[in-house]
1. A:Met685: accessible area at probe 1.4 Å, nearest 10 Å²?
2. Pairs to check: A:Lys225/A:Lys306; A:Lys543/B:Lys16; B:Lys80/B:Lys209; A:Lys256/A:Lys306; A:Lys140/A:Lys317; A:Lys174/B:Lys16. Give those whose C-alpha atoms are more than 30 Å from each other in this structure.
3. Quick one: which residues, 5+ away or cross-chain, put their amide H under 5 Å from the amide H of B:Asp336? H built at 1.01 Å from N.
4. When averaged across all projection directions, what area in nm² does the alpha-carbon convex hull of segment B:1-153 cover?
5. Which order do A:Glu453, B:Glu320 take when ranked by solvent-accessible area (1.4 Å probe, heavy atoms of all protein chains), largest first?
6. Over the whole of A:233-242, what's the average partner chain Cβ count within 10 Å per residue? Rounded to a whole number, please.
7. Give me the percent of the accessible area of segment A:192-272 that comes from carbon and sulfur atoms, probe 1.4 Å, all protein chains in place.
8. How high is the FRET efficiency between A:Asp655 and B:Arg200 when r is their beta carbon distance and R₀ equals 30 Å, given to the nearest 0.05?
Amino acid sequence: MPGMASDAGDQTMIPLSSEVVRDEPEVHPLRLGLRPPISGISISWSRGNLLRVAFFRDHDAPDGGEEDVGGKVVEVRLGGRAIDGCGGVDEARRRRVSYGSVPAFALLQGQKNSFAAVTRMSPYPSLRAEWWENVLDYSKHISSLLGDPKPLLSSVIDDPKTILNKVEEPTYLKAAWELLEIFYVDKQSLAWLPEQLVDWLADYDRLLARESATVHSNLVMLQKKLVSLQVVEDDPEYWEGVSQALAIGWLEIVVKLLRLHGSYQLDQLGDRETENGLVETVAVLVSTMPRMRPDLPPGKLGQCYKTKPDFVKAWEKWREQINKLDCSAFWFQCGHRQTREGLKNLLQIMLGKVNYLNSATGHWMELCISHFLYVRPFTMGLDGTYNLAQKCMQTKPMSQAHTLTGLLIGILGENTEVVLAKCSKAFGPWMVVHAMELLTAENTQAEALLHEERYNLGGISIEELNRLVYAQMLSSEALTWQIAPVYLASCPKQGFGLLDILLYMQPVQHQRVLLKSLEICRLYELESTSSTIMKIAGMYHWKHGRKGSGIFWLQQARDEIRLNRIAQQLFDYIGKSISDDSFKQWEGMIELLGSEVGTAGGLEFLHKYRDYKKFLQHVRDGIAVDVARQAVESLIQLMRSPSTPQRFWLPLLRDSLKLLDWRDRPLLNVPETNLLLSKLQELSMAKLRPDFCQIETSSQDLSSIRLALARNLGRAILEEGNLNLPNIDPHGIHVRAT
Amino acid sequence: MSGGADLQPHRFPQSKAIDAVRWLPQPSAFHRLVAAAVHDVDSEASSVEIHALTSQNPNRDPDLRLRSSWTSPSRITSLKASHKAPLLLAASTASGSLHFVLADPVEGTVDSELSVAAEEGFHRGPISAVDIQITGGGECVSVGEDGRVNLASVGESGVGYRRVFDSKGLASYASVRWGSPAEFVTGGLGFGLHWWDQRRPGGPVTQFKSNWARGAAGIVHSIDIHPSRKHACVVGGSCGTVFSWDLRWPQQPVFLSGSGLSEPANSPSESEVWEVHYDSHIQSSNTASTTKILPVMMCSEDGILATLEQGGESTVVLAEPCAINTFDIDPQNPSDVICGLEWESIAILTRPRDSPVMY
């Protein structure tokens, strides 16, 4: 199982840092509020880094009254916050991404299921072709969660010396996600893959600056310098910046920089006419560079061509113009050396001279991009890209492997396992689970690899394993555990088993959490889990003195066995505490039990008992015969009912003495009196049995009940004898004939 | 059921669990105050935060800024605000304590705090719900899972409280609402409702217990009473249930949503209804008759914020992929609704003012 701790040294999944061991041991004082002696302690893991510690009091210890409890469970949080493993995204932000990706993931799984159902019935190849569009929607949605590099300050006045727009710092996570999207999902734009990579680098080149100098970092430095520079064209860094921007296709920056050239200034225009003409020609050439792509975002330069033949024609023409300019005689008339050399340099880059490209780029990805742009502009798709990347890497090796470049190598090498491993290492389980949808979108090979059931993984696939790991991670936190079921439900083999465990792990003492668990059960139709949770909750509340809640949850779970069992305990309690004026307290619970038969198990008795007590109360208040007769009926019902516990027989009879000794006439008829007498008899016989439950009664009570019953019997026999005669019914009461 | 879920709310991610949200009285035309009970999982700290909502300019997104906060000793289970000066908030906690937070009604800063500590005589275990009197001395009624009903109020010498009832755990309460200065209603398990009158102590005056189909019983999570209809309340609970309970016919609840409806298709939700409020934004066609139930808004575990009207008419105002745990309608601007979403954010939506009729 993922995440399970192992004791073997080299098999530990989370290596223990030796620093932790060297530290002073951390002391967590626990406030129990429990009276000693404590007889036992049990320790187990709760979710995350919470430790659940249960303390048990000694059973034999003197009882401290009703309020005393048998033990207590506390949770202890160990260590600090979870370690951030998500490439510079903090916890709250990571949670936000987790939440946001749930609807997209669930939607895609739903689409996948219905898609599978459709293709199974009628395998239209056209449907398959449309599938990647669903994945693209999914990918765009997820990508939007990972941050949107919007301009921070859009100043109204365009500053000519601002060459780089200020944008929010992009995240590695988003950069990696977009890279996957470019290569695996967006089939439509595969034809202009190189251009996509140019765009990608434009957004994320700054992220690569950590290991090596990048064009972006050079331009940032140049930007700072420009403010104080009077004659830009005299500065070699200016020309360096222009050529670097050109090499990786940031044309708008090139043109903007060129227009800062001193020859554009009005007072110099006359003297440097040829020079200015050359600068402007190059700027125009740069801005009209043909590009193999459908469109350009606003502000970007170049001319777009959608089809390859058009593009090739335009490219040849553009190259011809550059060649012509390169051989032009105007260069000899250009007096400014730096300008001449700088512009010539730009032309060589545009002509795709490899050594010029080498010197104008920082790291291998920039070099690679410059090759795409100027050396092999007709590259379609992935062919030969991997070899190119290898070659570029040899030319410009990076001191240490970068997350993004490593990922790119994996993608170009078409090695799904490497891609997954890089994602996992750098961005954690979230990335792996969600990126797998991209990897399998169009790639049947990757699909087979990820969906194959593996013996060494316990019969589950790589896809399922990763989903389980991610779900485990979500489950360990109080705020995200409720989204784990979405991922578990997409695991065909072990998902529901783990979902059960997850639900049982949730603390039932918090009403909200309990209801959340039950809601999840409802959504996934886990009826037996739901009823088990309700039983656990019921027992928890019962044991903690919340009898009403306990009964409610056991009733919801329809757990008659437990209801019957706790009924016995409740009767003990009633026997002690129920007096006529404490009935108000019971009211709430008895109402809860309802009057229907069967919902309350043994507790049904309570309802009837309450009714009987109510009638008795009325009898005491007045002397209405009707009420008294109702009370008798209720008493007989109680005595007949098998759910009435034996120990209540005597108290019931004692309470009904007043009814037995009714002044005007006998209220109980002969069979009713006989029933009560036989119950009394049974009770005295039961005294001899070992399981008899002793009730405090005086023999005086017993004999007075016996006497009352006997008297009533006598009177009833007499009355019924009279009834046999016609017309004698002085009180007009209906008395059942025998 | 008609769908009207095209209103786009403004979302404010909080990085903390939102347990309750409440509108506070509007101090000026330019900004409004909002109180939220939040819980930070990382630091395990709970607090009441007062935020200022600025900019009602339709062209610009509103801004929610934290003004002040008060740290609670335990997770907050219920938060209510008195809309009369001084600005008084009542918060109950999972450990059984009750806190009164006094705040500056203009600046939204916390001035002072008074509390009843979690002690044996008050509540045992979590307090499920509190409600604070809008009029009068701000008397606060609290109910708990322990089955106790207490009244607490801020006096000159601090907070005093007295026990109204103790069911000793035989009944548990989940919700409470004042009806008048002397009366309040509590709700609990099995859709049980109790009507209490302080002038008749000793126990509930009237009670209601559902007796419909087995298994459909649930918990009453929220109660609301309209100031003009003090004889009736509207109740929200488990299984998407919303019903009206009228003291004049205490055994005949009228269903607006949920299992008691003849056509379950009319219920916008099937899970826990966490909160209900009368929705004064919708003008009902016949407000004169006191038998007609006024329109109600509810939020639910399955992410639905909807308005309900008698006769099974319902309109979904907002449908979220996560639970909507709490919401409040601004009494001064009933078109504005604030919600606390399960996924650590607050959403504020403004309904069009010009079409307050049924959708």
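The values are calculated or read from the model by the stated rules, or taken from the named source; none is laboratory data. Note that the structure is predicted; figures quoted are calculated from it, not measured. Cβ: placed from backbone, ideal geometry, glycine included. Neighbour counts: every protein chain shown. These accessible areas exclude ligands, DNA and RNA; they are computed on the full protein's heavy atoms, side chains included. Shrake-Rupley method; radii C 1.70, N 1.55, O 1.52, S 1.80 Å.
1. A:Met685 has an accessible surface of roughly 110 Å² with all protein chains in place.
2. A:Lys225/A:Lys306; A:Lys543/B:Lys16; A:Lys140/A:Lys317
3. Distant-sequence amide H within range of B:Asp336: B:Asp330, B:Arg351.
4. Values: hull surface 45.2 nm².
Average projection, Cα convex hull of segment B:1-153: 11.3 nm².
5. A:Glu453, B:Glu320
6. Values: counts 0, 0, 0, 0, 0, 0, 0, 0, 0, 0.
Mean partner shielding for this stretch: 0.
7. Result for segment A:192-272: 55 percent of the exposed heavy-atom area is carbon or sulfur.
8. On the way: r = 28 Å, r/R0 = 0.92.
Rounded to the nearest 0.05, the efficiency is 0.60.
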